[in-house]
Amino acid sequence: MRHGDKINNLGRKKAHREALLSNLASQLITHKRIVTTLAKAKALRTYVEPLLTKTKKGETKEQISHQHRIVFSYLQNKLSVKELFTVVAPKIADRPGGYTRIIKLGIRPGDNAEKALIELVDFNEIYGKSVDAASEGAKKTRRGRSKKAVDATEQVAEDAQIISEEKTAE
């Protein structure tokens with residue numbers, strides 16, 4: 001019986017599953033986004049997020065090197081650990097959690113498996129630019145506005161300004 005067993009075994013034995021998640025985590029840290037199956041992406045999220053949290057802990061040199069050793073025991077890849085502590089850690093330093101994003105991509109034609117893209121949230125330039133652009137510019141809509149609507153909004157703004165000037169004059 002599997003009462004209370006919440007781990008997704010991914011159809012593998014323990015050693016094979018840990019090796020798979022270690023390799024996926026190393027590739028995610030190196031490339032910042034990877035495409036895999038939805039089940040593997042969800043399992044990877046629970047595997048890699050605590051590792052990302054470990055990069056933020058430690059104030060003394062001993063504590064930081066201890067975190068390096070702990071993370072290396074999971075990843076088994078020196079380049080990924082170096083990338084994690086030098087590039088990724090400073091970018092996620094102010095984020096309280098939720099370092100990864102999973103986006104569903106549909107099904108794979110060969111075996112009908114659900115594909116998903118898992119990425120590090122702080123390394124997606126597209127979402128960062130759209131938020132900045134939206135906050136800078138005025139409200140934009142897809143539909144065109146008639147001249148009457150534009151003239152009416154300008155008239156309302158002018159009327160409000162005149163009323164406020166009259167109140168300050170009194």
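Where a number appears in this text, it was derived from the coordinates with a stated rule and is not lab data. All values reported here derive from a predicted model rather than from experimental measurement. No Cβ is skipped: glycine too gets one built from the backbone with ideal geometry, and neighbour counts run over all protein chains shown.
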**Fill in**
Residues THR100, THR46, THR60 in order from fewest to most other beta-carbon atoms within 10 Å are THR60, THR46, THR100
**Asked** When only alpha-carbon atoms count, how far does the range 14-124 stretch along each of its three principal axes, as whole angstroms with the largest first?
**Response** 51, 31, 19
**Request:** With 30 Å as the limit, write out which pairs from LYS42/LYS78; LYS14/LYS78; LYS57/LYS104 have Cα-Cα distances beyond it, or answer none.
**Result:** LYS57/LYS104
**Asked** Of GLU158, GLU119, how do they rank once you tally other Cβ atoms within 10 Å and put the fewest first?
**Response** GLU158, GLU119
